[in-house]
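Read-outs throughout are calculated quantities, based only on the coordinates presented, and are distinct from any laboratory measurement. Predicted model, so just to flag it, every value in this text is computed and none were measured. With ideal geometry, Cβ positions are generated from the backbone for all residues, glycine too; neighbour counts draw on all protein chains shown.
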Amino acid sequence: MIAMTKKILVSLGLGLFMLNVLAGSNDVQVIDPWVQAPPPNARVLAAYMQLKNTGAKPQIVTAVSSPVFDRAEIHQTVIQEDMTRMERRHELIIPPNATATLKPGGLHLMLIGPKKKLQPGDPVPITLTLKDGSALALTATVRAARMDAGGDRKNMDHSRHDSHAH
Ligand SMILES: [Cu+2]
């Protein structure tokens, strides 16, 4: 079903975006990519998505870029001794027949130095470079955090509160 859809899109010549996706790794599907709507004057934004590897070998993301940001990194949010902080990862491994989930409070793409103001609904082009040298182009949409992300945030606030000395 998916293969058929792709073939039809290509035969219609539907733009560079789809072609770029197909020219990249056919084994990685990008599901629901979005960028969290930033507070005013934010210098870093987070992008989330699911990366589904339908192939039989691991797929490894080694670099991230976006034309509307100075640079981008792979980050993991970690909670250590009641402190929430972000660690940079140099690789994002998607095991065979598995899905890597990038979500608030966990793995994310850190978009650094926005070149323009972004608002909900704006498209954000992002390119993932895989270890095999192929590129995976996607377009994320800016939107406010989802309701189901609220639980994560509440936990983070709570842990921060606990870390205060009273
Ligand atoms: Cu980060």
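Given H placed 1.01 Å from N in the peptide plane, which residues other than close sequence neighbours of residue 55 have an amide H under 5 Å from its amide H?
The list, which skips near neighbours in sequence, is 97.
Near residue 50, within a Cβ-to-Cβ distance under 10 Å, what is the net charge of the other residues, with Lys and Arg +1 and Asp and Glu -1?
Values: positive: 52, 103; negative: 32.
Result for the neighbourhood of residue 50: +1.
Can you list residues from other chains, or at least 5 along the same chain, whose modelled amide H is less than 5 Å from the amide H of residue 140?
124, 126
Treating the beta-carbon of each Lys and Arg as +1 and of each Asp and Glu as -1, no other charges, what is the dipole magnitude of the stretch 56-137 about its Cα centre, to the nearest 20 debye?
On the way: 10 positive and 8 negative charges, 49 e Å.
Roughly 240 debye, rounded to the nearest 20.
May I ask you to list the GluC sites (Glu not before Pro) in the stretch 16-117 that are in a DSSP loop and have at most 11 other Cβ atoms within 10 Å of their Cβ? List each step's numbers first, then the result.
Working: sites: 73, 81, 87, 91; in loops: 81, 91.
Passing both the DSSP loop test and the Cβ count: 81, 91.
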